1. Express the carbon and sulfur contribution to the solvent-accessible surface of the range 250-314 as a percent, rounded to the nearest whole number, probe 1.4 angstrom.
2. Counting only protein heavy atoms, what percent of the accessible surface of the range 94-218 is carbon or sulfur at a 1.4 Å probe?
3. Once you charge only the Cβ atoms, +1 for Lys and Arg and -1 for Asp and Glu, what is the size of the charge dipole of the range 248-300 about its Cα centre, to the nearest 20 debye?
4. Which order do the peptides 167-180, 38-51 take when ranked by the mean count of other beta-carbon atoms within 10 Å per residue, highest first?
5. For the chain, what's the relative contact order in percent, using C-alpha pairs closer than 8 Å and at least 6 residues apart?
6. Write down the accessible area per residue of the range 290-340 in Å², having rolled a 1.4 Å probe over the full set of protein chains.
7. Between beta-carbons, use under 11 Å as the cut-off and find the net charge around Leu120, counting Lys and Arg +1, Asp and Glu -1.
8. Based on the Cβ-Cβ distance of Arg266 and Ala36, what FRET efficiency does E = 1/(1 + (r/R0)^6) give at R0 = 56 Å, to the nearest 0.05?
Amino acid sequence: MTVPQQKTARPTQRDIAELAGVSITTVSHVVNGTRAVAPETKAAVLAAVEKTGYTGDAIARSLVTGGTRSIGVAISLLANPYFAALMQAVEREAASAGYTVLLADTHDTVATEQDTVRTLRSRRVEGLLLTPAPGDGPVINELVSLGVPVVLVDRLTTRTDVDQVGAENIQSTSALTEHLASLGHRRIGLVSGAPGLSTSEERTLGYRLGLGRGGLSWSPELVVTGHSSKDGGAAALRELMELSEPPTGLVVANDAMMVGVLHEARRRGLRVGREFAVAGYDDAEWADLVDPPLTTMAQPTEEIGRQAVRLLLARITNPDRPAETVRLPPHLMHRHSCGC
């Protein structure tokens, strides 16, 4: 005697297939969107999903409800500790609006970013938050042409066809440089971020502007890229200190590089805040715990995260609204590493 299989308490794709009179493979194609299915077949599968209350994954629910209530975030988790704080702000704001967040690491390369974006889209997220990798114009073009709701975060572009939110970089970095100049420093160096990033370019421009406002001339040898990393920051300081006339003050364009700069300064016996002035950008949570506490330009991370989610949800709700670019001002955290 054949014993009938006991149905599980939770409906499965097999249950959907039996009820709709199709194969499990067909159900999978409908749920995952991996192959075109005849309209009447798809309708039968969707009816079965709704009838059974199948909740095997968010994708199946979205086929019935019309939305997954989820957003994707494509970001480089290795680039800067700042992004971890940004993610917390994004998740809090998304949760308050009833959305979940799917996070994927782009590793700051165009190829990985493109794969990451397509993977998130295959999960049927309703929109994307993206921190662009250097040279990723084609990825953004694809999203815009397909009408995918997207907001660029932190690294902004000159585009006017996509929503963007980030910190104001030029005037704020100028203020850091001017501050060091006002303290009497005539040789002020810059450890800039990775080449090709809009944030690196803007902060370098702000540094040059600050030099001019401080009555100082631009010297290309005083600008060294730290490649937005700890090791790069250390290498940049080594290069600067080997100049025939090294800088006495230094602007460091993000916290990841600042870690390397501080390690190298200690290795060299440089007394930060006394014989060597340092000012940074980002303001990590440890910035006021080191000795001396760091003078930094603090990004409005919480507000950037909130605004990014709000812009994305507004775009999802109203796809035809005009694109917005939001620049939020950082705040100078005046401590002792600058020598004051």
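1. Looking at the range 250-314 in its full context, I get 46 percent from C and S.
2. For the range 94-218, the apolar C and S fraction of the accessible surface comes to 53 percent.
3. 360 debye
4. Details: 167-180: 22.6, 38-51: 16.0.
So the peptides 167-180, 38-51, ranked by packing, come out 167-180, 38-51.
5. 16 percent
6. Values: 2480 Å² over 51 residues.
Heavy-atom SASA per residue in the range 290-340 reads 49 Å².
7. +1
8. 0.35
The values are calculated or read from the model by the stated rules, or taken from the named source; none is laboratory data. What you see is a predicted model, and the numbers here were worked out from it, not measured in a lab. Neighbour counts run over all protein chains shown; Cβ positions are idealised from the backbone, glycine included. Ligands, DNA and RNA are stripped out before the accessible areas are found, and what is left, the full protein with its side chains, is counted by its heavy atoms. Shrake-Rupley method; radii C 1.70, N 1.55, O 1.52, S 1.80 Å.
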